[in-house]
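The values are calculated or read from the model by the stated rules, or taken from the named source; none is laboratory data. Remember, predicted model here, so these are calculated numbers, not experimental data. Don't worry about glycine lacking a Cβ; one is built from the backbone with ideal geometry, like all the others, and counts go over all protein chains shown.
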Amino acid sequence: MPVSYKDFAKDPVKALLFITLSAICYLYIDNKMNYQGQVEDCYDRTKILEEKVEKLTYRVSKSDSALNVAVTKLKVLSKLNKIEDI
């Protein structure tokens, strides 16, 4: 260890500052690495969710088209008096 007992005994404030600075650097680097992992996980999850949204958007537009066709048929049949108006 770069701080020996003699150095610590001579000037404990500097030695404690050195140890504290080392601990802060370690925690900063550890936090940075953890944050990078979280970002990568969120990116992967976002890609999956975007694919699901794309599929669901297609299904909604398809069902909307089918609904419009059914409404149009009902209007035509209603005008031809083939069915009663509700």
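Results, tabulated for the structure shown:
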item	result
Residue pairs meeting the criteria (Cβ under 8 Å; at least 6 apart or on separate chains; first modelled with pLDDT of 80 or more, in segment 5-26; second exposed (fewer than 11 other Cβ atoms within 10 Å of the Cβ))	18/2
Criterion: outside any loop (DSSP other than H, G, I, E, B) and in contact with a Lys or Arg (Cβ under 8 Å, 6 or more places away or on another chain) - qualifying residue of 44, 64, 30, 7	7
One residue from 15, 23 being of a type outside the set (D, E, K, R), in contact with a helix residue (DSSP H, G or I) (Cβ under 6 Å, 6 or more places away or on another chain) and at negative phi	15
